[in-house]
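Notes follow the structure.
The values are calculated or read from the model by the stated rules, or taken from the named source; none is laboratory data. What you see is a predicted model, and the numbers here were worked out from it, not measured in a lab. Cβ coordinates were reconstructed from backbone atoms using ideal geometry, including for glycine residues, and neighbour counts include every protein chain displayed.
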Amino acid sequence: MALRNIREIGEECLRCVCKEVTEINPRLLELIEDLKDTMYEADGVGLAAPQVGVRKRVAVVDVGEGPVVLINPEVVETEGEQTGNEGCLSVPGKCGIVTRPMKVKVKTRNLDFEWEEIEGEGLFARAMLHEMDHLDGILYVDKVEGEVQDIEAED
């Protein structure tokens, strides 16, 4: 489809609570495809609609097992804890230590607008929760333990 501009920290759209999706329509399907294309082009593992300036409760995640689309996602259950480095396409060149659940169960609408549950562990759980935070105007930098660090360039 099309690549969209990724909004960066400081832009208002990243701090807004997104509106629920009420139906699957061609514009939403186009947005989902654009999110995937933009995420892959930027070498990300997730991208949420507000990161491209759209205030809808939609995100995509792919940690290497194929794309997962989240529409109106809700956390149903969490288990355990993991602490690790996080970065964000909307906070380029930075990272920080964030603690999140090790496992998560998410209720989400699918492309047929039916509810389904998705379970994730490790990086997949972290990525889903990170993207879901975006839908509520929360950035990982709000949860960083200690300081946000510069990402060291690889030689």
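Of note:
- In the range 58-76, residue surrounded by the most Cβ atoms within 10 Å (Cβ to Cβ) [restricted to those that are under 18 Å from Leu89 (Cα atoms) and not hydrophobic (A, V, I, L, M, F, W, C)]: Asp62
- Scoring Glu81 on the criteria (1) touching a helix residue (DSSP H, G or I) at 6+ places or on another chain (Cβ under 7 Å); (2) closer than 19 Å to Arg126 by Cα leaves a single failure, condition (1).
- Total residues in the range 16-62 satisfying the condition of being touching a helix residue (DSSP H, G or I) at 6+ places or on another chain (Cβ under 8 Å) and not in a loop (DSSP other than H, G, I, E, B): the figure is 16.
- Summed over the range 1-31, the residues that are touching a residue at least 60 places away in the same chain (Cβ under 8 Å), hydrophobic (A, V, I, L, M, F, W, C) and either buried (at least 17 other Cβ atoms within 10 Å of the Cβ) or within 15 Å of Leu111 (Cβ to Cβ) (or both) give a count of 6.
- Restricting attention to the range 89-143 and to residues that are among the hydrophobic types (A, V, I, L, M, F, W, C) and out of contact with any strand residue (DSSP E or B) (no Cβ under 8 Å at 6 or more places or on another chain), the residue that is nearest to Asn25 (Cα to Cα) turns out to be Ile138.
- Top-ranked residue of the range 70-124 - restricted to ones that are in a strand (DSSP E or B) and hydroxyl-bearing (Ser, Thr, Tyr), ranked as nearest to Asp136 (Cα to Cα): Thr108
- Enumeration of residues in the range 107-141 that are under 18 Å from Gly93 (Cβ atoms) and without any contact (Cβ under 8 Å) to a residue 40 or more places away in the chain: none
- Applying the condition of being in contact with a helix residue (DSSP H, G or I) (Cβ under 8 Å, 6 or more places away or on another chain) and under 14 Å from Glu77 (Cα atoms) to the range 105-123 and asking which residue is surrounded by the fewest Cβ atoms within 10 Å (Cβ to Cβ) yields Ile118.
- The residues of the range 71-102 that are among the charged types (D, E, K, R) and within 16 Å of the chain's Cα centre (by Cα), listed by number, are Glu74, Glu86, Arg100.
- Filter result for Met102 (modelled with pLDDT under 95 and touching a helix residue (DSSP H, G or I) at 6+ places or on another chain (Cβ under 9 Å)): no
- Condition check for Gly44: touching a Cys at 6+ places or on another chain (Cβ under 6 Å) and either among the small types (Gly, Ala, Ser) or more than 30 Å from Gly146 (Cα to Cα) (or both): no
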